[in-house]
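Taking it in order: structure first as structure tokens, then the write-up.
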Amino acid sequence: MEILASIRKAFEGRTPKRPHFAVADQEAGEKEVGRSHDHGVTQEHTDHELSGMTIGIEHVDADGSISRRWVTIVATADVDGHNRLLCHCFMSEGLRSFRMDRVINLFDEHGETFDVREFLHLKASPTKARTGGGAYRSALRDGLRLLIAIARADGQLDAEEVDVIMDYARAEGARKGVTENKAALAELRRYIERLQPCCSVVTSCIDRLTNEDEETQDNLLAYLEKVIRADGVVDGSEAALEQLVAKRLERGGYEQPVLN
């Protein structure tokens, strides 16, 4: 689809933006920990459910050096016999990997902490790691990530935008046979609030969406327009995307689906 190809191009070359909640005193540790990587290494690893998650990690190195930093997870990988988180690190402004067994704490912008083994699913294959709202995330992974990326185009994710994305999850989830579950939806909302998809994740999602059926694509585009308008302010980045949407809506007698 032309619009998805245009949006894909708009995201090429972007790195994740530093979270607005990542104030200086939330990051600590003078010594750089983890392993540095070239961004080309991400092509060797497949996408999975943690990709695009922005989270705080507390990590201890082999010599006992501890650091706390905000990262956006890009992939998980088996390197030298160890499961590693491959992340965009906001402290070093580069791609780094951290051994999962040396991550001692996880936290979010609200101060909530998570059990490391459960969150990273260390007792199972790390490439199959799951957090809350798994059924929705599996069925709607690419659409959710694209809507979140569009919502963050102006530098922040507003509650109104999250509400629209949740509406999309309910409607498209029901269409794809996902049984509505209040607990899963609550977990999904927290997932959406933490997700900050990086360029490689977004472009991969868009590439896959071009192969989806027409109804899936049209529903996504309709909600994309609603996300752009959700906070009542359309900035320059969102305006450009809105023009792409408008062009798509005018083509081929397209009729916008009725949204509940």
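The values are calculated or read from the model by the stated rules, or taken from the named source; none is laboratory data. Remember, predicted model here, so these are calculated numbers, not experimental data. All Cβ positions, glycine included, derive from the backbone under ideal geometry; neighbour counts span all protein chains shown.
Need pairs with beta-carbon distance below 8 Å; first residue closer than 17 Å to Thr216 by Cβ and within segment 143-169, second in a helix (DSSP H, G or I) and of a type in the set (Asp, Glu); sequence gap 6+ or separate chains.
From segment 143-169, the pairs are Gly143/Glu172; Ile150/Glu238.
Name the residues in segment 229-260 that are modelled with pLDDT of 55 or more and part of a loop (DSSP other than H, G, I, E, B), would you?
Selection gives Ala230, Asp231, Gly232, Val233, Val234, Asp235, Glu250.
Can you find, within segment 132-141, the residue that is nearest to the chain's Cα centre (by Cα) among those that are crowded, with 20+ Cβ neighbours inside 10 Å and at pLDDT 85 or above?
So the residue we want is Leu140.
Could you run through segment 60-83 and say how many residues are hydrophobic (A, V, I, L, M, F, W, C) and either on the phi > 0 side of the Ramachandran plot or over 21 Å from the mean Cα position of the chain (by Cα) (or both)? Steps first, please.
To start, the set of residues in segment 60-83 that are hydrophobic (A, V, I, L, M, F, W, C) comprises 60, 62, 66, 70-71, 73-75, 77, 79.
The next check asks that each one be either on the phi > 0 side of the Ramachandran plot or over 21 Å from the mean Cα position of the chain (by Cα) (or both); those that pass are 60, 62, 66, 79.
Number satisfying all stated conditions: 4.
Can you tell me which residue among Gln217, Gln156 is of a type in the set (S, T, N, Q) and either touching a strand residue (DSSP E or B) at 6+ places or on another chain (Cβ under 9 Å) or over 21 Å from Ser6 (Cβ atoms) (or both)? Talk me through it step by step, then tell me what you get.
Values: Gln217 fails: either touching a strand residue (DSSP E or B) at 6+ places or on another chain (Cβ under 9 Å) or over 21 Å from Ser6 (Cβ atoms) (or both).
Residue meeting the stated conditions: Gln156.
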